[in-house]
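Below is one structure, written out as structure tokens; the observations come after it.
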Amino acid sequence: MPANAEGSDRLEKQLGLLDVYAICTGAMFASGFFLLPGIAAANAGPSVVLAYFVSSLLMVPAMYSIAELSSAMPRAAGTYFFIHRSMGPLAGTVGGLGAWAVLIAKSAFALVGMGAYLTIFIDVPIVPVAVALTVAFGVLNVLGAKETARLQVWLVAVLVAVMVFFIVHGIWGVVGDEVAIERFRPFAPFGFDGFVSTIGLVFISYAGLTKVSSAAEEIRDLDRNLPLGMILALVTVGTIYTAGVAILVGFTPAEELRDDLTPVATAGTEVFAWMPPAVALGLVVLAAVTAFASTGNAGILTASRYPLAMARDRLLWSGFDRLGRFGTPTLSVVTTCALMIAAIVFLDVERLASLGSAFLLLLFALINLSVILMRESRLESYAPGYRSPLYPWMQILGFVATFGLIFTLGVFYVGFVVGIILVSALWFRYYVRPRVARRGAIYGLFRRLGEVHDAGVDEELWGILQERGPSEIDSFDELVARAHVITIDNRAELSAVEEDVRRILSGVAPDNGLAERIRTGTQNGILPERAPAAVFDVRLPDLEHSELVLIRAPQGVRIRNAGRFPGAGSDTEQPEQRGLVTALLFLVTPEAAATQRLRVMAQLVSTVEASGFVRAWRRAESDQALLETLMRRERFASLVVGDTGPTARMVDRRLRELSFPGDTLVAMVWRGEHTIVPDGDTLLREGDRLTIIGSPEHVQSLLDPDGESPQPTN
């Protein structure tokens, strides 16, 4: 078991696509639009509009890199986790502590900004209001990620609605007003240098996009929901920022905009001049308050995952690793909120958050570099369900652009980044190094160059694959239902088993070099724990779809070598110690299907390791019973076509004439000792046994006496 998993709990998957979109969108809206445009315009003039647009494009490489890394390593505090696993614990310590500190500062600043906008309408003390908001959002985060995300969805819905309303009216006013158009001339009064430095300044407005990776462990259907949610959020916010800043430039004289710390409130009174002034200002304040609230709320959610993840790796005290009664990292949330309150009360959080922006640029550069290191290390277990397009040029551009932008911000910002690195390095030297031995995937690259390799990262990624299983929800069960079964009654040599597998596969794959590829697969098997079994990986170039061949050998087969996980190397002594292997599973996949192959292998190994598998395998009296030992019990059902009861309607009917509930489908028909791979024309006979797979709720409806049963369509 990976070290970081020992004694720790996993966060529940509660977040869907809408939650991902809301977290990303909400985390990007706050000071970047409601405070920053005036400061940015002082550096770039009207070209600030283009600076916001270019900055959104520069976020694309980091977005794709985060999506790929998260789909391969869905763990809390994703940014930290990726850097740690790709570059080792020193880089992980720098990234983890630095990102946690910066997120605390930015979340605190967001809540201070929320209090500042509230004072436009209500005379309240800013600091006590910000402290109270921190406590309120902290309690919500303790109660659960889903509750936090639900509030986030509502906040973002209100925010986007008001902003779209603002932009529609504002663009109409700018386009038809000669005075407003004249304010865009000259477009770049401070030259190219001013424009470029402004890109670095406003780039951080989009930094919240990647915060959602901290909650990757809690996202359902991650391979789809994370990249899609991030793309939709970036398009939404990029459009609103660019159009919104254009409105601010058009409606506000240049000299006023440069000195305005509430530019949206100023422009809003002009855009909504047809409204009563109080209503117009109220809409702007509502948008600002919801923006700052969503940023603060999302900030606590994501920042609190950093001490949790670092404690799992023994980089911080192990107490942060524990989940509370609501399934959330309670101590981590409380500590994060306490530090936010201290920052609000004692520090200049606006200055601190501004300085932290430079460190976030460094993190984005490292994230892009992490993708390159993970891919080039050639770890067998690195199997992202989503792969970044245009690799490696996308990552190289992202690294060069974000790292270079740090130096456009000024010497003081660079010094702040160096300071965080030095403090983190001291923490690593005196606290972390005596406790942690893991290196990082970068040593996989060194291995390719003939130096050193750290198998710990590879094994941990294999463990993550076992947790996740196949990316296509029913592909595993369908594969098992179609599996070929061979029973060998006498003791056999592995070479004889290889020949049996070759004979079976010759009917579904070209025979050119088939025997050699099977032999190669058996030389690199996987030995699951607690089971006399072996899983073999056979890759064929011209195979249309995956196949599974199961060998049941009660008398046992001795295998040549195997490892605990892909890439672990041979383990020739272990089979001798554990006796003969009685279950041999050959997974045969198209050579190009690397990600799905590894995930299905991980699911097979997890199933074989499960309690009760060995007994069920040995007791299986038929091929169907044997296959059902591998199926996920909540995803399959067996029905016998009978002469009484609900299944009597199925006798002498073709499958296309029957309607099955939900997404269930008949994967296999068993007729006596014969198996039938069904299609719509398959005619069912009395006594046929059907293996039906589907989602848990629809499978359960078939098994429930009061649930749905297959119905004739006519």
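Read-outs throughout are calculated quantities, based only on the coordinates presented, and are distinct from any laboratory measurement. Because the structure is a prediction, the values reported are computed rather than measured. Here the Cβ is made from the backbone with ideal geometry for all residues, glycine too, and neighbour counts use every protein chain on show.
From the backbone phi of segment 110-121, what are the Karplus-calculated ³J(HN,Hα) couplings (6.51 cos²θ - 1.76 cosθ + 1.60, θ = phi - 60°) in whole Hz, Gly and Pro given as x?
Values per residue, Gly and Pro as x: 4, 6, 5, x, 5, x, 5, 5, 5, 5, 4, 9 Hz.
In whole Hz and in residue order, list the ³J(HN,Hα) couplings for segment 661-672 that follow from phi through the Karplus curve 6.51 cos²θ - 1.76 cosθ + 1.60, θ = phi - 60°; x for Gly and Pro.
Per-residue couplings from phi come out as x, x, 9, 6, 8, 7, 8, 7, 10, 10, 10, x Hz.
For a Förster distance of 41 Å, can you work out the FRET efficiency between the beta-carbons of residue 704 and residue 496, rounded to the nearest 0.05? Could you put the intermediate results ahead of the total?
Values: r = 45 Å, r/R0 = 1.11.
Efficiency at R0 = 41 Å is approximately 0.35.
Per residue, how big is the convex hull around the C-alpha atoms of segment 64-174? Give it to me in cubic angstrom, could you? Walk me through the numbers on the way to the answer.
On the way: hull volume 18.7 nm³, N = 111.
Convex hull volume per residue, Cα atoms: 168 Å³.
Quick one: work out Rg over Rh on the C-alpha atoms of segment 14-432, Rh as Kirkwood radius.
On the way: Rg = 20.5 Å, Rh = 21.3 Å.
Expressed as Rg/Rh, it is 0.96.
Non-local amide H neighbours of residue 252 (under 5 Å, H modeled in plane, Pro and chain starts lacking H): which ones?
none
With a point put 7 Å past each Cα toward its Cβ, work out how far residue 139 is from residue 274 in nm, to one decimal.
Label-label distance for residue 139 and residue 274, simple model: 4.3 nm.
Measuring from label point to label point, each 7 Å out along Cα→Cβ, what is the residue 503 to residue 346 span in nm?
In this crude spin-label approximation the distance works out to 7.8 nm.
Report the one residue of 316, 141, 120 whose Cα lies farthest in the direction of the positive end of the charge dipole of segment 14-432 (charges on C-beta: Lys and Arg +1, Asp and Glu -1; origin at the Cα centre).
With unit charges placed on the Cβ atoms, the residue in question is 316.
How big is the dipole moment of the chain about its Cα centre under a simple scheme where the beta carbon of each Lys and Arg is +1, that of each Asp and Glu is -1, and everything else is neutral? Debye, nearest 20, please.
Working: 58 positive and 70 negative charges, 328 e Å.
My answer is approximately 1580 debye.
Taking the alpha-carbon set of segment 317-357, what are its Rg and Dmax in Å?
13.4, 37
As an exercise, find the ratio Rg/Rh for segment 226-353 from alpha-carbon atoms, using the Kirkwood inverse-distance average for Rh. Kindly include the intermediate steps, with their values, before the conclusion.
Details: Rg = 19.9 Å, Rh = 18.1 Å.
In segment 226-353, Rg relative to Rh is 1.10.
Karplus couplings for segment 615-630 from phi (6.51 cos²θ - 1.76 cosθ + 1.60, θ = phi - 60°), rounded to Hz, Gly and Pro as x?
Going residue by residue, I get 5, 5, 4, 5, 8, 4, 9, 9, 4, 5, 4, 5, 5, 5, 5, 9 Hz, with x marking Gly and Pro.
Is any residue of segment 255-296 close enough, with backbone N under 19 Å, to a label point placed 7 angstrom from the Cα of residue 168 along the Cα-Cβ axis, and if so, which?
Correct set: 268-276, 279-288.
Is the C-alpha gyration tensor of segment 38-96 telling us rounded, prolate or oblate? Criteria: a/c under 1.5 is rounded; beyond that, a/b larger than b/c is prolate, otherwise oblate. Walk me through the numbers on the way to the answer.
Values: a/c = 4.16, a/b = 2.28, b/c = 1.83.
Because a/c hits 1.5 or more and a/b exceeds b/c, segment 38-96 counts as prolate.
Hey, with R₀ at 51 Å, roughly what FRET efficiency would residue 426 and residue 391 work out to, going by the Cβ-Cβ distance, to 0.05?
Details: r = 35 Å, r/R0 = 0.69.
Efficiency for this residue pair is about 0.90.
Count charges around residue 539 for me, please; just the other residues with Cβ under 13 Å from its Cβ, Lys/Arg as +1, Asp/Glu as -1.
Details: positive: 517, 519, 597; negative: 380, 516, 537, 542, 547, 591.
In short, -3.
For a quick check: with amide H placed at 1.01 Å from N, whose amide H comes under 5 Å from residue 667's, ignoring anything fewer than 5 positions away on the same chain?
So residue 667 has HN proximity to 691, 692, 693.
For residue 488, enumerate residues with amide H under 5 Å from its amide H, sequence gap 5+ or separate chain, H modeled in the peptide plane.
552, 553
Any chance you could run the full-extension gain for residue 523 through residue 580? It's 0.36 nm times the residue separation minus the Cα-Cα distance, nm to one decimal. Can you show the working numbers first?
On the way: separation 57, 0.36 × 57 = 20.52 nm, distance 1.61 nm.
Stretched fully, the residue 523-residue 580 segment lengthens by 18.9 nm.
Any chance you could run the full-extension gain for residue 615 through residue 127? It's 0.36 nm times the residue separation minus the Cα-Cα distance, nm to one decimal. Write down the numbers at each step before the final one.
Values: separation 488, 0.36 × 488 = 175.68 nm, distance 6.41 nm.
Here the answer is 169.3 nm.
Of 284, 127, how do they rank once you tally other Cβ atoms within 10 Å and put the fewest first?
127, 284
Using only alpha carbon positions, build the gyration tensor of segment 633-712, then give the equivalent ellipsoid semi-axes as the square roots of 5 times its eigenvalues, largest first, whole angstrom. All intermediate terms of the calculation are to be shown ahead of the outcome.
Working: eigenvalues 66, 39, 28 Å².
Equivalent ellipsoid of segment 633-712: 18, 14, 12 Å, largest first.
Measure off 7 Å from each Cα along the Cα-to-Cβ vector at residue 190 and residue 695, then give the distance between these two points in nanometres to one decimal.
Taking the two extended label points, one gets 5.2 nm.
Among 613, 626, 343, whose Cα projects farthest towards the positive end of the dipole of the chain, with charges put on the beta-carbon of Lys, Arg (+1) and Asp, Glu (-1)?
Looking along the dipole axis, the top candidate is 343.
Give, in nm to one decimal, the length gained when the segment between residue 649 and residue 665 is fully stretched (0.36 nm per residue of separation minus the Cα-Cα distance). The partial results should precede the final answer.
On the way: separation 16, 0.36 × 16 = 5.76 nm, distance 1.71 nm.
Result: 4.1 nm gained on full extension.
Please state the equivalent ellipsoid semi-axes for segment 160-236: what are the square roots of 5 times the Cα gyration tensor eigenvalues, largest first, in whole Å? Walk me through the numbers on the way to the answer.
Details: eigenvalues 239, 81, 13 Å².
Taking √(5λ) for each eigenvalue gives 35, 20, 8 Å, largest first.
Shape of the chain from its Cα gyration tensor (a ≥ b ≥ c, root eigenvalues): rounded if a/c is under 1.5, otherwise prolate when a/b > b/c, or oblate? Don't jump to the answer; show the numbers that get you there.
On the way: a/c = 2.37, a/b = 1.78, b/c = 1.33.
Prolate is the answer for the chain, as a/c is 1.5 or above and a/b outweighs b/c.
I need the calculated FRET efficiency for the pair residue 638 and residue 221, taking r as the beta carbon distance and R₀ as 25 Å, to the nearest 0.05. Present the calculation step by step, with values, prior to reporting the outcome.
Numbers: r = 28 Å, r/R0 = 1.10.
Given R0 = 25 Å and the Cβ-Cβ separation, E is 0.35.
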